[in-house]
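The values are calculated or read from the model by the stated rules, or taken from the named source; none is laboratory data. This one's a predicted model, so the numbers in the text were calculated from it and none came from an experiment. As a convention, Cβ positions derive from the backbone with ideal geometry for all residues, glycine included, and neighbour counts pool all protein chains shown.
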Amino acid sequence: MRKKNLLILGAGLSGLSAAYFLKREKVRAKIFEKEARPGGLCRSIRKQGFIFDFSGHLLHFRGKDTLSLAGKILKGSLIRHKRDSYVYTFNKFIPYPFQSNFNYLPKGIAQQCLSGLIEARAQNCLKSDNFLQWIHNKFGKGIADLFMIPYNIKLWKTPLDRLEYRWAKRFIITPTARQIKGSFKEKRDKPLGYNSFFWYPEKGGIEELIKGFSENVNKIYLNNHAVEIDLSGKRVIFKDGRREKFDKLISTIPLPELGKIITPLPDDIRLSFKRLKWISIYNVNLGVKTEIHPSRHWVYFAQKNIPFFRVGFFHNLSSCLAPSGQGALYVDTSYSKDKPIDTRAIGARIRRHLKTTGIIRSEDEICCEHVNDIKYGYPVYDKDYAPARKKILNFLSENDITSCGRYGGWRYLSMEDVILEAEKIVRGMPWKNYL
Ligand SMILES: Cc1cc2nc3c(=O)[nH]c(=O)nc-3n(C[C@H](O)[C@H](O)[C@H](O)COP(=O)(O)OP(=O)(O)OC[C@H]3O[C@@H](n4cnc5c(N)ncnc54)[C@H](O)[C@@H]3O)c2cc1C
């Protein structure tokens, strides 16, 4: 019997973990990656003694199995951190999350947040139709107006009443009334939420995870840019003319890019691809030649006049990320097709606001810069999202293409999520007769 061909497109964490689990099943997949190095968003850049990731890439583990797999892949070299994060508001840094630490705000304002919250919780039977309503229903007017609404408009670049809300339950902490009242009495930041603890490689940046996976998969074909997927001939055509036949294709390349290279593509599917929306992240990584903020992990900014929504501190994830006595920051600004940023002016604005907010003492402290312009940052969960995604994935599946990963599956997935998803996909398929 003819042996079947399995191809994987993209050697980011998703493609690599799929290949890893396939190898365990003794299935050989050829992995094709357009870049010269595997890793996608989980690569790390070395520059002037600093190691920069593509913004912060912190490992959150919900399952013990993924923690132990990452430990194995990283040969035990993992640091566990207790979150030390803040929100910049009223010209100061209060502990994150805002919704359980507003007691750090001036008394009248804190009172306004508390009474809004109590009122909202008293009506907890209210149904939410969209993200804006969900915010009001969960947090009340004070917290909504002071933080939740401005922060999320700034991040998503989309009116919040056009967004779905179900995703938020996992990512936005909704403390109980008891936890909030407790914080008023004790003035203590008890870690809440999915990110209260996290892990990070001891050495080398997040790319160490990729190196570990790469050592445990079959050959990765680098510099192989897929430019056409011919559905009738069941083959992938690469930029240099190479052609590869497939019986099954696992694609992890971003869905909007996949839509551009599939032929033939029916009109209704093309329309569904067009309906997908996303925000991009302009990630500026900076080296700072003096010691700054020795314990903080990251800070959120909701202010409209400040360009970035988040600043993180690489040097507090692992001491290897900055030379001794120096600091390293990741500074993230979001933009979209409709709300672009001026890339010529943004650098100067960022530096100015890092100083005015007290993140750095002087702009002269900055000694190194590396920018990652991340086109596909976060899929936008608007009202078109679910039907468009479903239609596309069904069509692909009918054509023996499993599209997965954060951008291939078009979901707000963490690194742990993409590993778990890859394992599930591999477990769920009959691999008999594959090479
Ligand atoms: C700003 C930001 C911060 C994040 N922070 C965290 C965090 O703290 N913790 C966490 O768990 N997760 C975080 N994530 C999510 C994490 O990055 C993803 O879950 C994970 O990297 C997704 O891996 P992937 O393989 O699905 O996608 P990708 O990393 O995008 O990999 C896709 C691969 O496909 C390749 N490719 C694309 N087109 C082609 C083509 N035509 N031919 C061949 N190859 C192609 C690409 O070069 C790439 O290598 C963050 C994401 C962003 C954007």
- Is it true that some residue in the stretch 289-299 is acidic (Asp, Glu) and not assigned by TED's automatic domain parsing to the domain that holds Asp373? no
- Item | Matching residues, the stretch 1-15, being part of a loop (DSSP other than H, G, I, E, B) and within 14 Å of the ligand (Cβ to nearest atom) | Gly10, Ala11
- Before we move on, is Ile366 in contact with a Ser or Thr (Cβ under 7 Å, 6 or more places away or on another chain) and not polar (S, T, N, Q)? no
- Query: Name the helices (runs of 4 or more DSSP H) wholly within the stretch 323-435 that hold at least 1 residues that are more than 10 Å from the ligand (Cβ to nearest atom) and within 30 Å of Val236 (Cβ to Cβ)?
  - Reply: 385-398, 415-427
- Pairs where the first residue, in the stretch 408-421, is more than 20 Å from Leu396 (Cβ to Cβ) and the second is more than 9 Å from the ligand (Cβ to nearest atom), C-beta under 6 Å, 6+ apart: Glu416/Phe61; Glu416/Thr66; Ile419/Thr66
- Those residues that are within 10 Å of the ligand (Cβ to nearest atom) and outside any loop (DSSP other than H, G, I, E, B), I need them from the stretch 200-219; list them, please. Tyr200, Leu209, Ile210
- Among residues of the stretch 217-245, those that are under 30 Å from Gly76 (Cα atoms) and touching a Leu at 6+ places or on another chain (Cβ under 9 Å), counted: 3
- Within the stretch 362-404, tally of residues that are among the hydroxyl-bearing types (Ser, Thr, Tyr), farther than 30 Å from Ser44 by Cα and buried (at least 19 other Cβ atoms within 10 Å of the Cβ): 1
- Task: Among residues belonging to the stretch 269-326 that are charged (D, E, K, R) and within 25 Å of Lys203 (Cα to Cα), point out the one that is surrounded by the most Cβ atoms within 10 Å (Cβ to Cβ).
- Result: Arg310
- Filter result for Ser55 (of a type in the set (S, T, N, Q) and on the phi < 0 side of the Ramachandran plot): no
- Near pairs, Cβ below 6 angstrom, 6+ apart or cross-chain, from the stretch 351-380 (in the same structural domain as Ala302 (by TED's automatic domain parsing) and of a type in the set (Asp, Glu)) to any residue that is outside any loop (DSSP other than H, G, I, E, B) and more than 16 Å from the ligand (Cβ to nearest atom): Glu363/Arg351; Glu363/Lys355; Glu365/Val288
- Message: Just to be sure I understand, how many residues within the stretch 25-41 are charged (D, E, K, R), surrounded by fewer than 23 Cβ atoms within 10 Å (Cβ to Cβ) and modelled with pLDDT of 95 or more?
- Response: 4
- For the stretch 32-81, what are the residues that are near the ligand (Cβ under 9 Å from one of its atoms) and assigned to a strand (DSSP E or B)? Phe32, Gly39, Asp53, Leu59
- Message: It is to be established whether one or more residues within the stretch 261-274 are among the aromatic types (Phe, Trp, Tyr), touching a strand residue (DSSP E or B) at 6+ places or on another chain (Cβ under 6 Å) and touching a residue at least 60 places away in the same chain (Cβ under 8 Å).
- Response: no
- Message: Here is a check on your reading of the model: is Ala18 of a type in the set (A, V, I, L, M, F, W, C) and in a helix (DSSP H, G or I)?
- Response: yes
- Write out, first by first residue and then by second, each pair whose Cβ atoms fall under 9 Å of each other, whose residues are 6+ apart or on separate chains, and whose first residue, in the stretch 236-260, is near the ligand (Cβ under 8 Å from one of its atoms) while the second is part of a loop (DSSP other than H, G, I, E, B) and polar (S, T, N, Q). Phe238/Asn224
